[in-house]
Amino acid sequence: IHFLTVYKQLENRTKIDIQQMVLKTSLDIQMKVYDTMGSGLIVTRLTGDIDALSTEFKAVTTSIIELLKKAAYIVYIFALNKWLALFLLGTIILTYFMSKARIYYFRKMKPGVRNSAEKVNSRIIEVVRGVKDIKTLNCADGTLENMMIDQKEYMRRDNNEWYVGVALS
């Protein structure tokens, strides 16, 4: 349990350090970059990408614990019955290769999902910031229509990623 406490502290410390570095770097960026990227995208990167990193930390912890448990099971079962242990080892190897395939497809699909989510979040932030201008120019319908397009694209990409995950699970 002490290991997990130290690991959680490391996760949070890393998250804070990265947020500080990104904020410091964002203060050094020229204003034309903000105009080009949009503040919504920058805010999304500050929050979303760092939360994704936190999720990866948790996945690594879970993987280490699962690996140790499987190793202990194999040793115990090998002491009971070597044929059963060999069968279990073969099953674990098969599971490993299925997981590798799943990770491969997730890595391929993840950037598209992330970009779509960033686009939606960025548009939401831009709409909230520019609500006066949108009302003044009477372009709420067009704004909502563009938002719907981005949301449908995100939903399509996210669903495809989920389907691949379920199929390989």
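The values are calculated or read from the model by the stated rules, or taken from the named source; none is laboratory data. Here the structure is a predicted model, which is why all the values come from computation and not from measurement. Cβ sites come from the backbone with ideal geometry, for glycine too, and all protein chains shown count toward neighbours. The accessibility values were calculated without ligands, DNA or RNA, using every heavy atom of the protein model including side chains. Shrake-Rupley method; radii C 1.70, N 1.55, O 1.52, S 1.80 Å.
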(request) Hey, can you tell me all the residues within segment 112-169 that are closer than 24 Å to ALA52 by Cα and among the small types (Gly, Ala, Ser)? (result) GLY112, SER116, ALA117, SER122, GLY165, ALA167, SER169
(request) Could you grab the pairs with beta carbons closer than 6 Å, sequence gap of 6+ or different chains, first residue in segment 58-79 and over 23 Å from LEU10 (Cα atoms), second one assigned to a helix (DSSP H, G or I) and open to solvent by 80 Å² or more (accessible area, probe 1.4 Å)? (result) ILE77/LEU84
(request) Would you check which residues across segment 11-36 are of a type in the set (A, V, I, L, M) and either modelled with pLDDT under 75 or more than 19 Å from the chain's Cα centre (by Cα) (or both) and list them? (result) MET21, VAL22, LEU23, LEU27, ILE29, MET31, VAL33
(message) I want to confirm something. Restricting to segment 102-118 and keeping residues that are in contact with a helix residue (DSSP H, G or I) (Cβ under 6 Å, 6 or more places away or on another chain) and either modelled with pLDDT under 85 or hydrophobic (A, V, I, L, M, F, W, C) (or both), which single residue is farthest from ILE149 (Cα to Cα)?
(response) ARG102
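Is one or more of the residues making up segment 55-63 basic (Lys, Arg), part of a helix (DSSP H, G or I) and surrounded by 12 or more Cβ atoms within 10 Å (Cβ to Cβ)?
yes
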(request) Filter segment 147-163 for residues that are open to solvent by less than 70 Å² (accessible area, probe 1.4 Å) and more than 14 Å from ASN121 (Cβ to Cβ) and give the result. (result) ASN159, ASN160, GLU161
(request) Output yes when any residue across segment 117-137 is under 25 Å from the mean Cα position of the chain (by Cα), closer than 18 Å to TYR163 by Cα and in contact (Cβ under 8 Å) with a residue 40 or more places away in the chain, and no when none is. (result) yes
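When you check ILE93 against the structure, is it at pLDDT below 85, of a type in the set (A, V, I, L, M) and either open to solvent by 90 Å² or more (accessible area, probe 1.4 Å) or assigned to a helix (DSSP H, G or I) (or both), yes or no?
no
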(request) May I ask you to list pairs of residues, at least six apart or on different chains, whose Cβ atoms are under 7 Å apart, with the first in segment 150-169 being farther than 18 Å from TYR104 by Cβ and modelled with pLDDT of 90 or more and the second being of a type in the set (D, E, K, R) and open to solvent by less than 80 Å² (accessible area, probe 1.4 Å)? (result) ASP150/ARG123
